[in-house]
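Here is the structure we will look at, set down as structure tokens.
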């Protein structure tokens, strides 16, 4: 499959969740980017959280369901708060299969007003496809 091959992702509920921003584009090309999601704080009339998706390449990956050549999509989430944090993650989409791997690595800051302190902790998440079967 060429880098500009068409990959169709069909779960309509993804689009219904974020109706104004595509979860995944129907056509994936390396270096394409789009706004995956955006949350606007209407009380302050400013952006609070925004996630940008960018196709950064294709990779051969292995998950429990098998070995695949997948489009690698980098997700960068900007938290426009007083601390301004950035989270990064990757999703791997395979033509005619869909999402096969999702990896997130983020640091979370939690303010505790009673102790006047900030708690920092790191979250690493890996979700992968373990099996699949296409009904004929």
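Just so you know, all these numbers are worked out from the coordinates, no wet-lab data involved. Because the structure is predicted, anything quoted here is derived from the model rather than measured. With ideal geometry, Cβ positions are generated from the backbone for all residues, glycine too; neighbour counts draw on all protein chains shown.
To make sure I understand, if each residue's beta carbon is the centre and we count other beta carbons within 10 Å, what order do 111, 34 fall in, fewest to most? Write down the numbers at each step before the final one.
Numbers: 111 11, 34 15.
Ascending number of Cβ neighbours within 10 Å: 111, 34.
Could you rank the peptides 119-131, 52-64 by their average count of other C-beta atoms within 10 Å per residue, with the highest value first? Walk me through the intermediate numbers first.
Details: 119-131: 10.6, 52-64: 15.2.
For the peptides 119-131, 52-64, the packing ranking is 52-64, 119-131.
Using 0.36 nm per residue of separation minus the Cα-Cα distance, give me the extension gain between residue 69 and residue 109 in nm, one decimal. Intermediate values should be presented prior to the final figure.
On the way: separation 40, 0.36 × 40 = 14.40 nm, distance 3.54 nm.
Length gained between residue 69 and residue 109: 10.9 nm.
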Residue 121-residue 38 FRET efficiency (beta carbon distance; Förster radius 22 Å; 0.05 resolution): 0.30
